[in-house]
Amino acid sequence: MSDSDTLILVNLKAYPCDPIEIAEACASVAADTGARIAVAPQAAHLSAVADTGVETWAQHVSPVEHGSHTGSTLAEAVADAGATGTLINHSENRLKLADIDGSLAAAARAGLETCVCANNPAQSGAAAALGPDAVAVEPPELIGGDVSVASADPAIVEDSVAAVEAVDADVDLFCGAGVSTGEDVAAAGELGATGVLLASGVAKADDPEAVLRDLVSGL
Ligand SMILES: O=C(CO)COP(=O)(O)O
């Protein structure tokens, strides 16, 4: 990857990390290097994370509008809190096809950029058909591990790039699972990915800023 439009998207999941410390590290590395780095914290932390100035994404928005939807994550509320994008679907938060479609509509209503997560090339193509801005392919068995998807299973990235391209060339393909180094980011770019989605490499790091600086070196 070589252009600064390439996205490094850090999903904090429900890890016991300090979202503000990580957000500040991301903002600082982004400012120093021109890299595009975004953070997806817990919904309750969106406002505080956005206040650091970092690009902020939600981990999920519900397929609902304003109304009687207790427990939902309203896309408009996420945008009001300062998020500019949202993940939709995940191996750890699996949605039905109709819900992914509804969440995409909710995100569009609120002006949020979207990335739908998928487990494999077939799902990547199916997700692209729903018209998100990006699809992120993440093989579930590699999530949270030490080996990056780009080295453990390069074909899954290349095949997802092709599957998405065949459906809608305007949809970006990101990859994730085990990404934690600049080498991993560079390898993902060589396979055709225009972004990486990662979590544990940063959220569980003793020095998140050092990891981020290494990640950016692979752009
Ligand atoms: O699921 C992921 C991001 O959404 C990837 O997680 P890891 O970076 O911990 O493998």
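The values are calculated or read from the model by the stated rules, or taken from the named source; none is laboratory data. None of the values given here were measured: they were computed from a predicted structure. Positions of Cβ are generated from backbone atoms using ideal geometry, with glycine treated the same way; all protein chains shown enter the neighbour counts.
Does Arg109 meet the test of being among the basic types (Lys, Arg), within 22 Å of Ile88 (Cα to Cα) and away from the ligand (no atom under 11 Å from the Cβ)?
It is true that Arg109 is among the basic types (Lys, Arg), within 22 Å of Ile88 (Cα to Cα) and away from the ligand (no atom under 11 Å from the Cβ).
If I filter segment 12-24 down to residues being more than 14 Å from the ligand (Cβ to nearest atom) and either surrounded by 18 or more Cβ atoms within 10 Å (Cβ to Cβ) or among the small types (Gly, Ala, Ser) (or both), which single residue comes out as farthest from His90 (Cα to Cα)?
Within segment 12-24, the match that is farthest from His90 (Cα to Cα) is Glu24.
Tell me, which residue of segment 33-59 that is small (Gly, Ala, Ser) and not in a helix (DSSP H, G or I) is surrounded by the fewest Cβ atoms within 10 Å (Cβ to Cβ)?
Filtering first and then ranking leaves Gly34.
Among the residues of segment 86-102, write down those that are out of contact with any helix residue (DSSP H, G or I) (no Cβ under 8 Å at 6 or more places or on another chain), within 23 Å of Ala50 (Cβ to Cβ) and not in a loop (DSSP other than H, G, I, E, B).
Leu87
If Val137 satisfies every condition in (1) more than 14 Å from the ligand (Cβ to nearest atom); (2) in contact with a strand residue (DSSP E or B) (Cβ under 9 Å, 6 or more places away or on another chain) but one, which is the exception?
(1)
For segment 111-120, what are the residues that are closer than 17 Å to Gly178 by Cα and either among the hydrophobic types (A, V, I, L, M, F, W, C) or part of a strand (DSSP E or B) (or both)?
Passing the criteria: Cys117, Ala118.
Which one of these does Ser62 not meet: (1) of a type in the set (Gly, Ala, Ser); (2) in a loop (DSSP other than H, G, I, E, B); (3) under 18 Å from Gly176 (Cα atoms)?
In the conditions (1) of a type in the set (Gly, Ala, Ser); (2) in a loop (DSSP other than H, G, I, E, B); (3) under 18 Å from Gly176 (Cα atoms), Ser62 misses (3) alone.
Do you know which residues across segment 121-157 are more than 20 Å from His60 (Cα to Cα), in a loop (DSSP other than H, G, I, E, B) and not charged (D, E, K, R)?
Those that are more than 20 Å from His60 (Cα to Cα), in a loop (DSSP other than H, G, I, E, B) and not charged (D, E, K, R): Gly145, Val147, Ser148.
Is it true that Glu76 is surrounded by 18 or more Cβ atoms within 10 Å (Cβ to Cβ) and among the acidic types (Asp, Glu)?
Considered against the rule, which asks whether it is surrounded by 18 or more Cβ atoms within 10 Å (Cβ to Cβ) and among the acidic types (Asp, Glu), Glu76 comes out as no.
Among the numbered criteria (1) free of Cβ contacts under 8 Å to residues at least 60 places away in the same chain; (2) touching a strand residue (DSSP E or B) at 6+ places or on another chain (Cβ under 6 Å); (3) closer than 15 Å to Ser62 by Cα, which single criterion is violated by Cys115?
Result: Cys115 fails condition (1) only.
If I filter segment 1-20 for residues that are part of a helix (DSSP H, G or I) and either more than 21 Å from Ala134 (Cα to Cα) or assigned by TED's automatic domain parsing to the domain that holds Val179 (or both), do I get at least one hit?
For segment 1-20, residues part of a helix (DSSP H, G or I) and either more than 21 Å from Ala134 (Cα to Cα) or assigned by TED's automatic domain parsing to the domain that holds Val179 (or both): present.
Suppose we keep only residues that are of a type in the set (D, E, K, R) and outside any helix (DSSP H, G or I) within segment 202-213. Which one would you say is nearest to the chain's Cα centre (by Cα)?
Filtering segment 202-213 for residues that are of a type in the set (D, E, K, R) and outside any helix (DSSP H, G or I), the one nearest to the chain's Cα centre (by Cα) comes out as Lys204.
Can you work out which of the residues in segment 2-11 that are surrounded by fewer than 23 Cβ atoms within 10 Å (Cβ to Cβ) and not hydroxyl-bearing (Ser, Thr, Tyr) is farthest from Ser217 (Cα to Cα)?
Among those residues, the one meeting the criterion is Asp5.
Go through (1) within 16 Å of the ligand (Cβ to nearest atom); (2) over 17 Å from Arg36 (Cα atoms) one by one and return the number of the condition Leu215 breaks.
Leu215 satisfies all of (1) within 16 Å of the ligand (Cβ to nearest atom); (2) over 17 Å from Arg36 (Cα atoms) except (2).
Out of segment 158-201, which residues are assigned to a helix (DSSP H, G or I), within 16 Å of Ala134 (Cβ to Cβ) and either within 11 Å of the ligand (Cβ to nearest atom) or of a type in the set (D, E, K, R) (or both)?
Result: Glu165, single match.
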